[in-house]
Amino acid sequence: MVDRLGAGRCGFDVLRSRLPRAERVLVVCAHPDDESFGLGAVLSTLVDGGSEIEVMCFTHGEASSLGGGTDLAAIRAQELDAASQVLGISRTHLLDYPDGSLAAVPIDRLVDDITRRTSRVDVVVVFDRDGITGHPDHQQATRAGFAWARSTGVGILEWVISADVATALNSEFATAFVGRPSNEVDFEIVVDRGDQIEAIGCHASQSSDNPVLWRRLALQGDWEYLRFTDPVSDGSPG
């Protein structure tokens, strides 16, 4: 694949089959395990390319229906630390907003949290603006990532899944995944899922009984899909 994207305001001129080179990457997500279950193969690919990864996670994921009967907030913090080491993440910021209620937190407050904790960044990585799963926490975390990027002029990579994968999952599990057709995808990359699978294992409270996760990975195979957005010209998601 040799399709080339034109260089925009953020200066990227890259092949569709290769992620942009970025020295410092900020990941903005809602829950511990988002960096592994969703973004793991993308992040390990960026690390292999020389990127330094910083993760901003807004909740401890304590409201999960998995891993019940335990102190999930503490356990999931430990799981995030372990998974981050596997993926080569340099730094994590785990905040304490209520899991399941992130959408009620003003965007300006979340943007301030990012600003206080991070410095120079070349690109922000977030979930698809529709949240992939349709989860309001995922959507709000992405809105915060967009808003911060827009204020700083930093480009955004949105992790997306294909429309075919979303349709299959929704049919099999009655889920609400949102996928993208190929004409809405900027990057189609082949990945090695070795580190991602090991990092997923670190999140044992959430991965040991999670058939949707394993089915999604099987459907995706060795492929990951992303969109690139210049927030200054394209704005932030609604």
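The values are calculated or read from the model by the stated rules, or taken from the named source; none is laboratory data. None of the values given here were measured: they were computed from a predicted structure. All Cβ positions, glycine included, derive from the backbone under ideal geometry; neighbour counts span all protein chains shown.
Applying the criterion of being of a type in the set (S, T, N, Q) and out of contact with any helix residue (DSSP H, G or I) (no Cβ under 8 Å at 6 or more places or on another chain) to the residues of region 129-150, the residue that is surrounded by the most Cβ atoms within 10 Å (Cβ to Cβ) is THR142. Taken as a whole, the condition of being under 23 Å from HIS60 (Cα atoms) and of a type outside the set (Val, Ile, Thr) applies to ASP137. SER151 meets each of the listed conditions (1) of a type in the set (S, T, N, Q); (2) modelled with pLDDT of 95 or more; (3) closer than 30 Å to GLU62 by Cβ apart from (2).
Give region 60-88 a look and list any residue that's farther than 16 Å from GLY201 by Cα and within 17 Å of the chain's Cα centre (by Cα), or say none. HIS60, GLY61, listed by residue number. Number of residues in region 55-93 that are of a type in the set (S, T, N, Q), surrounded by fewer than 23 Cβ atoms within 10 Å (Cβ to Cβ) and assigned to a strand (DSSP E or B) equals 1.
Please work out which residue is nearest to GLU35 (Cα to Cα), limiting yourself to region 160-209 and to residues that are in contact with a Leu (Cβ under 8 Å, 6 or more places away or on another chain), aliphatic (A, V, I, L, M) and at pLDDT below 95. Residue satisfying both the conditions and the ranking: ILE189.
Filtering region 151-163 to residues that are touching a residue at least 40 places away in the same chain (Cβ under 8 Å) and either more than 20 Å from ASP112 (Cα to Cα) or buried (at least 19 other Cβ atoms within 10 Å of the Cβ) (or both) leaves VAL154, GLY155, ILE156, LEU157, GLU158, TRP159, VAL160, ILE161, SER162.
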